[in-house]
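Engineer: Shown below is the structure under consideration.
The values are calculated or read from the model by the stated rules, or taken from the named source; none is laboratory data. As the structure is a computational prediction, the values presented were derived from the model and not from experiment. Here the Cβ positions follow ideal geometry from the backbone for every residue, glycine too, while neighbour counts run over all protein chains shown.
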Amino acid sequence: MNRFCSGLLALLFLSLAPLALAQGAEVAFGGLKQDSSLPVEITSDELRVDQAAGTAVFTGNVRVGQGEMRLSADRVAVEYGTENGDPTGRIARLRATGNVVLLSGGEAAEAQEAVYTIDSGNIVMTGGVVLTQGQNALSGERLVVDLETGTGTMQGRVKTIFQPGPQDQ
């Protein structure tokens, strides 16, 4: 009887785990853990710089790389940090829009917009977010990822799809 109850509880837990995750939607992002102090490389078809505003806008086939992390988008606006009101030339924030794809390790996230704040190591993705981790998928309206800890939270009518069985590592 004890073995039956244990098995039933395990089965119940496994069947409810996706539902619990969908409501809490806090997940580990081991592949998205990143050292935000690494250099950022950006390539694009066009670049417009506004020194007075401390911004640079990359458009057309934009690719951003930092360590193992890769981001692509239609447009990326770079905001530079300031000190005493003067631009420092150091990147403070990247705002990617249009067909945003973030890749790192075996994980990928897609959205309409992503804002990467370099100093805090946070990425906020919005607009039809889809995250895939191996064969599993998670979707919602907003994904907040902490690159320092490799953790994140999905918000806004979260839907999960988990594939049973062993996952490829």
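Engineer: Out of curiosity, is Thr43 surrounded by 17 or more Cβ atoms within 10 Å (Cβ to Cβ), modelled with pLDDT of 85 or more and either out of contact with any Cys (no Cβ under 7 Å at 6 or more places or on another chain) or farther than 16 Å from Val124 by Cβ (or both)? Write out each step before concluding.
Structural biologist: On the way: surrounded by 17 or more Cβ atoms within 10 Å (Cβ to Cβ): no; modelled with pLDDT of 85 or more: yes; either out of contact with any Cys (no Cβ under 7 Å at 6 or more places or on another chain) or farther than 16 Å from Val124 by Cβ (or both): yes.
Judged against the criteria, Thr43 is not a match.
Engineer: Another question, then. Taking Val27 as the residue in question, decide whether it is at pLDDT 90 or above, surrounded by 12 or more Cβ atoms within 10 Å (Cβ to Cβ) and assigned to a strand (DSSP E or B).
Structural biologist: Considered against the rule, which asks whether it is at pLDDT 90 or above, surrounded by 12 or more Cβ atoms within 10 Å (Cβ to Cβ) and assigned to a strand (DSSP E or B), Val27 comes out as no.
Engineer: Being touching a helix residue (DSSP H, G or I) at 6+ places or on another chain (Cβ under 7 Å) and either part of a loop (DSSP other than H, G, I, E, B) or among the β-branched types (Val, Ile, Thr) (or both) is the filter here, so list the residues in segment 73-113 that pass it. Working first, answer last.
Structural biologist: The initial filter retains those residues of segment 73-113 that are touching a helix residue (DSSP H, G or I) at 6+ places or on another chain (Cβ under 7 Å), namely 104-107.
Those that are touching a helix residue (DSSP H, G or I) at 6+ places or on another chain (Cβ under 7 Å) and either part of a loop (DSSP other than H, G, I, E, B) or among the β-branched types (Val, Ile, Thr) (or both): Gly105, Gly106.
Engineer: Continuing with this model, one more query. Contact list please: Cβ distance under 9 Å, first residue in segment 39-67 and closer than 13 Å to Tyr80 by Cα, second residue at pLDDT below 90 and part of a loop (DSSP other than H, G, I, E, B), pairs at least six apart or on different chains.
Structural biologist: Qualifying pairs under 9 Å: Val40/Ile118.
Engineer: I need the full set of residues from segment 73-93 which are out of contact with any Lys or Arg (no Cβ under 6 Å at 6 or more places or on another chain), among the acidic types (Asp, Glu) and surrounded by 15 or more Cβ atoms within 10 Å (Cβ to Cβ), in order please. Give the derivation first.
Structural biologist: Step one: of segment 73-93, the residues out of contact with any Lys or Arg (no Cβ under 6 Å at 6 or more places or on another chain) are 73-76, 78, 80, 82-93.
Now restrict to residues that are among the acidic types (Asp, Glu): 74, 83, 86.
Within segment 73-93, Asp74 is the sole residue that qualifies.
Engineer: Could you tell me which residue of segment 131-141 is modelled with the lowest pLDDT, considering only residues that are assigned to a strand (DSSP E or B) and surrounded by fewer than 17 Cβ atoms within 10 Å (Cβ to Cβ)? Break it down stepwise before answering.
Structural biologist: Pass one, segment 131-141, residues assigned to a strand (DSSP E or B): 131-133, 136-141.
Applying the additional criterion that residues be surrounded by fewer than 17 Cβ atoms within 10 Å (Cβ to Cβ) yields 132, 136-137, 141.
Numbers: Thr132: 90, Asn136: 86, Ala137: 89, Glu141: 95.
In this case the residue turns out to be Asn136.
Engineer: Now for a different question. Quick one: would you say Gly60 is exposed (fewer than 14 other Cβ atoms within 10 Å of the Cβ), over 14 Å from Leu147 (Cα atoms) and in contact with a Lys or Arg (Cβ under 9 Å, 6 or more places away or on another chain)?
Structural biologist: yes
Engineer: Only one of these is in contact (Cβ under 8 Å) with a residue 60 or more places away in the chain, of a type in the set (Val, Ile, Thr) and in a loop (DSSP other than H, G, I, E, B): Thr149, Thr153, Thr160. Name it. Give the steps one after another, and end with the answer.
Structural biologist: Working: Thr153 fails: in a loop (DSSP other than H, G, I, E, B); Thr160 fails: in a loop (DSSP other than H, G, I, E, B).
Matching residue, one of Thr149, Thr153, Thr160: Thr149.
Engineer: Also: So in segment 109-119, with the set limited to residues that are under 21 Å from Thr82 (Cβ atoms) and without any contact (Cβ under 8 Å) to a residue 60 or more places away in the chain, which one is surrounded by the most Cβ atoms within 10 Å (Cβ to Cβ)?
Structural biologist: Kept after step one, since they are under 21 Å from Thr82 (Cβ atoms), are these residues of segment 109-119: 115-119.
Right, trim to without any contact (Cβ under 8 Å) to a residue 60 or more places away in the chain and you get 115-117.
Details: Val115: 16, Tyr116: 28, Thr117: 16.
The residue in question is Tyr116.
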